[in-house]
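A.B. asks: Take this structure first; my questions come after.
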Amino acid sequence: MDIKLYVGNLSFSTTEDDLRDLFAQAGTVTSVNVIRHRDSGRSRGFAFVEMSTQVEAETAISMFSDYLLDNREIRVNIARPREERSDRRRGGRRRS
């Protein structure tokens, strides 16, 4: 089962290939997804990297947490499930 890692504090110039090459040092990388702004296409400064095993994911965390990449200390953690967002149009304050 693939283990998804959150990689934060990325430089806007860091690419998926950069991350794939880096994380391959810790094991088999099954996917890399740099998160981008919907409108501009510019990186939002974080990504998700999937490793093929728990052991490889833990190795990647220990190797690359606070690692200097493109002059930024990156953060690497197990990705948490996305939290539900409330619909701001409903249930908000009503104007009188």
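FYI, it's all coordinate maths here, none of it is from the lab. It should be emphasised that the depicted structure is a prediction, and the values quoted were computed from it without experimental measurement. Ideal geometry is used to build each Cβ from the backbone, glycine not excepted, and the neighbour counts take in all protein chains shown.
A.B. asks: Between ASP39 and LEU69, what's the calculated FRET efficiency when r is the beta-carbon distance and R0 is 30 Å? Round to 0.05. Don't skip to the end; give the middle numbers.
C.D. replies: Values: r = 26 Å, r/R0 = 0.86.
Efficiency computed from Cβ-Cβ geometry: 0.70.
A.B. asks: Now a separate question. Rounding to the nearest 10 and keeping the result within 0 to 90°, find how far the Cα-based axis of helix 54-64 lies from the longest principal axis of the chain.
C.D. replies: On a 0 to 90 degree scale, this one is about 90.
A.B. asks: OK, next. Which of these values of Rg and Dmax of the Cα atoms in Å was calculated from the structure shown: (i) 16.3, 60; (ii) 13.6, 43; (iii) 15.1, 47?
C.D. replies: Correct label, based on the coordinates given: (i).
A.B. asks: Given the DSSP H assignment, sum -39500 (n - 2.57) over each helix run of at least 4 residues in the chain and divide by its residue total; what's the result at 222 nm in deg cm²/dmol, nearest 500?
C.D. replies: Working: 2 runs with 19 residues, N = 96.
Computed ellipticity for the chain at 222 nm equals -5500 deg cm²/dmol.
A.B. asks: Place a point 7 Å from Cα of THR28 in the direction of its Cβ. Which residues in segment 38-65 have their backbone N less than 17 Å from it?
C.D. replies: 49-60
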